[in-house]
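The values are calculated or read from the model by the stated rules, or taken from the named source; none is laboratory data. Small disclaimer: the values here were computed from a predicted structure and weren't measured. Methodologically, a virtual Cβ is constructed for each residue, glycine included, from the backbone with ideal geometry; neighbour enumeration extends over all protein chains shown. For accessibility, only protein heavy atoms count, side chains too; no ligands or nucleic acids. Shrake-Rupley method; radii C 1.70, N 1.55, O 1.52, S 1.80 Å.
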Amino acid sequence: MGQGKKKKKEDLSSIHGEKCWPLVDKRSPCEEACPIHMDIPSYVMALAQGRIPEALDIVRRTNPFPSICGRVCHHPCEEACTRALIDRPVAIEWLKREIARYEQRNGGRPPRIKKRREEKVAVIGSGPAGLTAAYDLALKGYRVSVFEALPVAGGMMAAAIPDFNLPSSVVRFEVDYIRHLGVEIKTNTSLGRDFTLEDLQDQGYRAILLATGAWKSPDLPIPGTELRGFVQALPFLREVKLGEKRFLKGKTVIIGGGNVAVDAARTAVRLGAEKVILACLESRPEMPAFPWEIQKADDEGVTILPSLAPQKILPGKGGKVKGVVFARVAALTKDAEGRLSWKLAEGETTLEADWVIAAIGQIPDPPSIPGLAVTERGTVQTDPETLATPVSGIFAAGDAVRYPGTIVEAIAAGHRAAKSINHFLKGKPLVSKSEKKGREVFRLDEKTEIPAFLVRKERWDMPALSPKDAVRSFEETELGYTPWQAREEAKRCLNCRMCGQCIFDKGQLCFETSLRLL
Ligand SMILES: Cc1cc2nc3c(=O)[nH]c(=O)nc-3n(C[C@H](O)[C@H](O)[C@H](O)COP(=O)(O)OP(=O)(O)OC[C@H]3O[C@@H](n4cnc5c(N)ncnc54)[C@H](O)[C@@H]3O)c2cc1C
Ligand code: SF4
Ligand code: SF4
């Protein structure tokens, strides 16, 4: 039996004395929905039983950013969680945060690398895609250097996502963990500005990963964007996150309906803006921002005005912004590529503004490399499976290839790229056949009869600052579970892939499972 399989069996055997798992061998719906297929039931079971170091080991097998994903992952796993048929999904995301807290308290202990290899790999960009690939390749013994244009490592996690959602100290801890594996991270070093591809080849790098993200702000195509007081959201958020901007006076209008717009609005509130209005093309249910983020913006006093299309920014005294004219959107459509088009209704609305912040998306701006193909949308063209570009030895991953993306999707891409680079350096075909095998997924539908013995157990909500206190500073708004709450929440998990068959097909519970669930 391979080491990985043996380890997995050990995790599960400690739950049920090995008697169930070999008979069932399914995949839980949450595991299937997680882009990196985390072994959720095993880490949640370990947490439920108070075996936190083991829970952490299980989490770290697939996720190099447990503390970050425990705070800001968009958690598609929870949408698929079977527990929702009984009451509400298990708080899979937040439980990871509690497990990661154990690691932070104990200083983290990166594993010892058993075998060192001579080959050098260069990673361009230190976001979740680049750092995940660096993490995987360092664990395999490669000599990995990460080159980062900004003064901090971590990509958008370190330089865009506001501290009230993701504190910089959390990002630093997880980036340092990767450094401690022996990964060299060179900040303030940009491909194209400070060095070239040839320099890397001359220095003996055998493979290169482009993980440069999507940092270019598209132009807002209306008159007035040259006025003082008009800014793009991404540079604005970066300046605030890096401590370069601390105040914002006056009325602020944010244009856009996505997560970046919501983050910019909540940031403006904290910087002291007098009134913050977020105006977007979409109707409220169509807004692309996560619903829980929209709710927080509402609670913190942001006024959301949906179905408005900006027409022009009005000039005031001294070349400064005075307001924005909007027309009402009568109908909005989205094409397969996500591009919006809209029809306007009659009439216009003017909003007064001292600041206008545009948050209408970000696009990639990959370095120009001979032979590299870039799509119409600005993304780097790769093989979708292997992430290899047409240039031998160059791979690309993350938002630079597919945007808009999320952190866990970038992590998934980083893993894929690392696998391909490892195969490339060993002279193997880039996709191995064994990767295509998958276990059957345990699934129930809404018509499934829920056994009467399954009691409802309320999901533990995340303790959080009140909105009134939250807006006073950039302190993290969510406070984390207490260890006891985390354990009780973990006990709500049905462990579907193993226990689901007994619970739902046979209508029975064994002693161990009833102790947990009832
Ligand atoms: C404001 C904001 C909030 C977000 N909130 C969430 C959230 O709550 N949850 C979530 O899952 N996702 C969120 N996202 C999306 C998420 O951050 C991205 O999808 C993810 O970071 C993409 O990872 P990446 O590694 O591809 O790129 P990035 O994180 O963008 O990292 C790319 C790195 O490459 C560097 N770089 C670029 N060009 C060069 C060059 N030529 N040389 C050297 N370095 C270079 C950049 O400086 C950057 O550090 C948010 C994004 C933003 C902007
Ligand atoms: S109940 Fe547990 S195993 Fe089942 S889908 Fe939810 S988290 Fe996953
Ligand atoms: S990384 Fe995200 S999707 Fe995966 S288990 Fe964690 S919260 Fe769910």
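If I take R0 = 41 Å and measure r between the Cβ atoms of residue 226 and residue 458 in this structure, what FRET efficiency does the formula 1/(1 + (r/R0)^6) give, to the nearest 0.05?
It comes to 0.15.
For helix 407-425, what angle does its Cα long axis make with the longest principal axis of the chain, in degrees from 0 to 90 and rounded to 10?
It is inclined by approximately 70 degrees.
What angle do you read, to the nearest 10 degrees and between 0 and 90, between the alpha-carbon axis of helix 3-16 and the longest principal axis of the chain?
80 degrees
Going by a ≥ b ≥ c, the root eigenvalues of the Cα gyration tensor, does the chain fall in the rounded group (a/c under 1.5), the prolate group (a/b larger than b/c) or the oblate group?
Since a/c reaches 1.5 but b/c is at least a/b, the shape of the chain is classed as oblate.
Only residues of region 34-55 count here: report those whose backbone N is under 18 Å from the spot 7 Å along Cα→Cβ of residue 109, or say none.
47, 50-55
Can you give me the long-range amide H partners of residue 195? Hydrogens built in the peptide plane at 1.01 Å from N, cutoff under 5 Å, separation of 5 or more residues or another chain.
Hits under the 5 Å cutoff: 190.
Do any of 26/457; 343/447; 245/468; 334/468 go past 32 Å between their Cα atoms, and which?
Table pairs above 32 Å Cα-Cα are 343/447; 334/468.
Can you pull out the chymotrypsin sites (Phe, Trp or Tyr not before Pro) in region 228-317 whose DSSP state is coil and whose Cβ has at most 12 other Cβ atoms within 10 Å?
For chymotrypsin sites (Phe, Trp or Tyr not before Pro) across region 228-317 that sit outside H, G, I, E and B with at most 12 neighbouring Cβ atoms in 10 Å, the list reads 247.
By how many degrees, 0 to 90 and rounded to 10, does the Cα axis of helix 259-271 deviate from the longest principal axis of the chain?
Approximately 70 degrees, to the nearest 10.
List the extent of the Cα atoms of region 230-358 along each of their three principal axes, largest first, rounded to whole Å.
39, 36, 26
Relative contact order for the chain using alpha-carbon pairs under 8 Å, separation at least 6, rounded to a whole percent?
This gives 20 percent for the chain.
How high is the relative contact order of region 146-233, in percent, with contacts defined as C-alpha pairs under 8 Å that are six or more residues apart?
Computed value for region 146-233: 35 percent relative contact order.
Using θ = phi - 60° and the Karplus form 6.51 cos²θ - 1.76 cosθ + 1.60, what ³J(HN,Hα) does each residue of region 486-498 get, whole Hz, x for Gly and Pro?
Those phi angles translate into 4, 5, 5, 5, 4, 5, 6, 5, 7, 6, 3, 5, 10 Hz.
For labels at residue 292 and residue 348 in the simple 7 Å Cα→Cβ model, what's the distance in nm?
4.1 nm
Positive end of the charge dipole of region 230-358 (Lys, Arg +1 and Asp, Glu -1 on Cβ, about the Cα centre): tell me which of 297, 319, 237 has its Cα farthest that way.
319
So what J values fall out for region 332-339 if you push phi through Karplus, 6.51 cos²θ - 1.76 cosθ + 1.60 with θ = phi - 60°, rounded to Hz, Gly and Pro as x?
Per residue, the Karplus-derived 3J(HN,Hα) values read 10, 10, 10, 8, 4, 7, x, 6 Hz.
Rank by packing, highest mean first: peptides 353-361, 259-267, 309-317, with packing defined as the count of other Cβ atoms within 10 Å averaged across residues.
259-267, 353-361, 309-317
Of the GluC sites (Glu not before Pro) in region 461-515, which ones lie in a loop per DSSP and count no more than 13 other C-beta atoms within 10 Å?
Those that pass, being in a loop and sparsely packed, are 475.
Under a 5 Å amide H to amide H cut-off, with H placed in plane at 1.01 Å, what residues pair with residue 388 once short-range neighbours are removed?
Those lying under 5 Å, H to H, from residue 388 are 383.
At 222 nm, what value in deg cm²/dmol follows for the chain if DSSP H runs of at least 4 each add -39500 (n - 2.57) and the sum is divided by all its residues, to the nearest 500?
Using -39500 (n - 2.57) per qualifying helix, the result is -9500 deg cm²/dmol.
Using 7 Å Cα-to-Cβ label points, what is the residue 331/residue 216 separation (nm, one decimal)?
Reported label-point gap for residue 331 and residue 216 is 3.3 nm.
Going by Cα centres, region 311-332 and region 335-379 are how many Å apart?
For region 311-332 versus region 335-379, the Cα centre distance is 17 Å.
Accessible area per residue of the chain at 1.4 Å probe, in Å²?
46 Å²
Check each of the trypsin sites (Lys or Arg not before Pro) in region 109-211 and keep only those in coil by DSSP with at most 12 other C-beta atoms within 10 angstrom; list them in order.
The qualifying sites are 112, 114, 115, 116, 193.
What size of dipole, in debye to the nearest 20, comes out for the chain about its Cα centre when the only charges are +1 on Lys and Arg C-beta atoms and -1 on Asp and Glu C-beta atoms?
1340 debye
Compute the distance in nm between two label points, each set 7 Å from the Cα along the Cα-to-Cβ direction, one at residue 37 and one at residue 320.
Simple spin-label model gives 5.8 nm for this pair.
Carbon-plus-sulfur fraction of the accessible area of the chain, 1.4 Å probe, in percent?
Percent of accessible area from carbon and sulfur atoms in the chain: 51.
How high is the FRET efficiency between residue 187 and residue 473 when r is their beta carbon distance and R₀ equals 25 Å, given to the nearest 0.05?
It comes out at approximately 0.40.
In whole percent, what relative contact order does region 268-317 give with Cα contacts below 8 Å and a gap of six or more residues?
48 percent
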